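Below is one structure, written out as structure tokens, with a few remarks after it.
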Amino acid sequence: MALLQISEPGKSTDPHQHRLAAGIDLGTTNSLIATVRSGKAETLADLEGDHILPSIVHYAKDGTVSVGKSAKLFVCSDAKNTISSVKRLMGRGLKDVQKIKEFSANQLTASGTGMPAVETDCGMKNPVEVSSEILKSLVKRAEESLGDELGGVIITVPAYFDEAQRQATKDAAQIAGVKVLRLISEPTAAAVAYGLDTGSEGIHAIYDLGGGTFDISILRLEKGVFEVMATGGDSALGGDDFDRAIAGYLVEQANIDKGDRSAYQMAMIKAREVKEALTNKERVEINFMHWKGSMDRALMESLIASIVDKTLAACRRTLKDAGLKASEVQDIVMVGGSTRVPLVRQKVEEYFGKKPLTDIDPDKVVAIGAAIQADVLIGNKSDEDMLLLDVIPLSLGVETMGGLAEKIIPRNTPIPIARAQEFTTYKDGQTAMAIHVVQGERELVEDCRSLARFELRGIPPMVAGAARIKVTYQVDADGLLKVTAEETITGVKSDITVKPSYGLNDEQITSMLQSSVSHAEEDMKARMLREQQVEAKRVIEAVEAALAENGDELLSKDERHAIEEALKQLAYIAENGDIEAIEEAIKVVDKSTEEFASRRMDASIAKALVGHEIDEI
Amino acid sequence: MTKAQQNYFEIFGLEPNFSIDVPKLSSKLRALLNSVHPDRFASSGSQQQMLSMQKTTQLNDAFAVLKNPVKRAQYLLHLKTGIDTSKEHTVNDPEFLMQQLELREELEDISASSDISQLNQFADKISELEEVQEQQMAELFLQKPLDTDELQKAIYKLQFLHKTLSDIEQAEDKLLS
Ligand SMILES: Nc1ncnc2c1ncn2[C@@H]1O[C@H](COP(=O)(O)OP(=O)(O)OP(=O)(O)O)[C@@H](O)[C@H]1O
Ligand SMILES: [Mg+2]
């Protein structure tokens, strides 16, 4: 069977227009996958009918990897080889995470990349690999139940995830072999599901307290446009912290040695049971190792109150960034398992002065929102259905003299965005300049997260202060950063796509890809060729659609002919050529449509402007 | 390339004036983004994707400048006269300098007394001054020919008031946390 059926340009092409896309909520404790089927978004269940996949991975001695419920069985019996809450390690350096108690100090070691790695009987596993196992398991579930390959996915990340954490998430997807259409924020996804469900316009706050992260986002919904006005939170605050506070109490009561890892692990599990039980009950009896006792809701609330207060402080800051008062928020949507805790609901209600909405399923809403957006991005929905406008959660800056961080793009700036700043040399004859990219709100570089360092070399020697070095930060729609530095007098340039200090480089990703189980049987080359052919097909479809839409009005006969020739060429090469040839032919098509693309863009802007004027009358 | 770079006002189909209806501009921005945002081109060719990214970036950038009165004034002055007021600059206006000192002192006193309601009152006062200053700015920009000295002074004043407001916010943050 031919992999591709390419018809003559001009004729309609695709037999099955509908392409499969999915939304993935990659959570600290639980993960889900959802898709849109016959117009309805729903989460997908495993064979036993469970929708939630516990985010737990177990590595057995014989190399077997299990994920989810089957891995959960090993949490106590084989703690060493069972990894939970791996999301807390994503994009972090070893030093950052040694404080996290679930991972004992001797379990985490430095991998060559500066990333922490967990030592298992199957060898060292870094957080990106572990996450990719969870992704693979979800994708497999989807492909089995849908009966076809996924064309692309959206993965949600906490709004407050920084650059390094986002990049790590994308890397995990790459290793799992799934195409990421976009990363979107968890609260934004929830807002999509909720907003489309209720159709209510206005200003909404999404309060998302999960297992390991807290996000607060303020969104404005107007005519299908979801605009994030401000976002804030804490990427290391969640139900796990409630558990930890309660576990601390249990360990103390039972008089257990603090270094006893397996006892601590058991205390955490018990604490979570107690916490969840106290959501509906006033008091629970506890049997923990040799200790018997009980805990009532009031006692638990005293243990966790300060954690809940931290979330409210973040709400206050975020409202201020949005330029709003608490009373101006129309409704508060509660997302994430931890918003079931009565004290959380009570404090949120006190703060906003109105009852938060708790009637949607807090577990599924993020995945469902992501699925809806994935369906739009992959092209199954017609345009103008809805649009998400997101912001960067944390300021991006650069180190200047004296270890100060100068902000180049302030937090809550809408993306995509580019900002430039000029710097100069401070020594006579200086020919290189170090650029240190940082993220965070603090004034001192040492208090911010270091994202990357690079050097602009080859500056012609000049007196101090004469060179003009323009540093440009460009953040794309996924919230990922690219930095360019240029000496503007001579045009000496240097640019990097920021690969965070604790990330994987391309080689490491490729080698993990090759060793990864799902690709072992498959020849990498064949897969790449197929991907390139699919890409060619996509390009042809896109250009044909554009030609059909306004080729007549925007192109002369000759211009149109040239484009059609390039398309024919590409169609032929896609079927007969190798990877490089296809790549080359795509470039030729790109080149031939450059002018057309720009005219189309201008035309659609002009149309939007006119349309807007008419709307207003 | 096909045509000269549009200025920020032209991008939104506006005449270059200081007075702008920001809510209206913001809904215009959304209408424009609706047709150029990268999400609209997720399955298009890379050419179109890059253009969309550029256009969206440009729109976001233009909006960020136009919605902020200080940046808008600086941009407009630069557009009309080539004068750059974005770098540090001081203006000789003894009367305003006095007022400036007084306002700073008032803020310090209030911050020291940790009185939130007083701080809020002070914020209201500065906001009013800012409004007056913006009105004056609008008038100055309508004059022909432009009085660039006065305009630079006005920008400087507005900038100062803006800065004071953000200092008040920081003081409030400190008090509340
Ligand atoms: N009935 C309940 N009462 C109290 N807490 C609960 C209840 N049910 C679930 N939780 C808590 O919710 C948390 C898990 O929530 P959720 O599944 O939303 O997190 P996640 O998506 O995995 O994490 P994150 O979004 O932070 O990455 C756990 O801490 C769990 O104990
Ligand atoms: Mg979650």
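The values are calculated or read from the model by the stated rules, or taken from the named source; none is laboratory data. What you are looking at is a predicted structure, and each value in this text was computed from that prediction instead of being measured. Cβ coordinates were reconstructed from backbone atoms using ideal geometry, including for glycine residues, and neighbour counts include every protein chain displayed. Protein only, heavy atoms only, side chains kept; ligands, DNA and RNA dropped before computing areas. Shrake-Rupley method; radii C 1.70, N 1.55, O 1.52, S 1.80 Å.
Odds and ends about this structure:
- Which numbered condition residue B:43 fails, given (1) closer than 12 Å to residue A:476 by Cα; (2) facing another protein chain (nearest Cβ under 7 Å); (3) open to solvent by 30 Å² or more (accessible area, probe 1.4 Å): (1)
- Scanning region A:19-44 for residues that are open to solvent by 30 Å² or more (accessible area, probe 1.4 Å) and of a type in the set (Gly, Ala, Ser) yields a count of 2.
Quick grid of which residues meet (1) within 14 Å of another protein chain (Cβ to nearest Cβ); (2) assigned to a strand (DSSP E or B); (3) more than 18 Å from the chain's Cα centre (by Cα); (4) within 16 Å of ligand 2 (Cβ to nearest atom):
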| position | (1), (2), (3), (4) |
| --- | --- |
| A:28 | no, no, no, yes |
| A:32 | no, yes, no, yes |
| A:41 | no, yes, yes, no |
| A:49 | no, no, yes, no |
| A:62 | no, no, yes, no |
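- Test: residue in region B:145-156 that is within 20 Å of residue B:105 (Cβ to Cβ) and either basic (Lys, Arg) or not in a loop (DSSP other than H, G, I, E, B) (or both): yes
- Residue within region A:396-405 that is facing another protein chain (nearest Cβ under 10 Å) and within 19 Å of the chain's Cα centre (by Cα) present: no
- So residue B:32, is it facing chain A (nearest Cβ under 7 Å), of a type in the set (A, V, I, L, M, F, W, C) and in a helix (DSSP H, G or I): yes
- Residue check, residue B:64 within 11 Å of chain A (Cβ to nearest Cβ), under 19 Å from residue A:391 (Cα atoms), of a type in the set (Gly, Ala, Ser) and within 21 Å of the chain's Cα centre (by Cα): yes
- Residue count, region A:121-175 (criterion: open to solvent by 10 Å² or more (accessible area, probe 1.4 Å) and either among the charged types (D, E, K, R) or within 16 Å of ligand 2 (Cβ to nearest atom) (or both)): 14
- Residue check, residue A:189 in contact with a helix residue (DSSP H, G or I) (Cβ under 9 Å, 6 or more places away or on another chain), more than 10 Å from ligand 1 (Cβ to nearest atom) and within 23 Å of residue B:39 (Cα to Cα): yes
- Test: residue in region B:76-94 that is facing chain A (nearest Cβ under 9 Å), at pLDDT 90 or above and surrounded by fewer than 18 Cβ atoms within 10 Å (Cβ to Cβ): no
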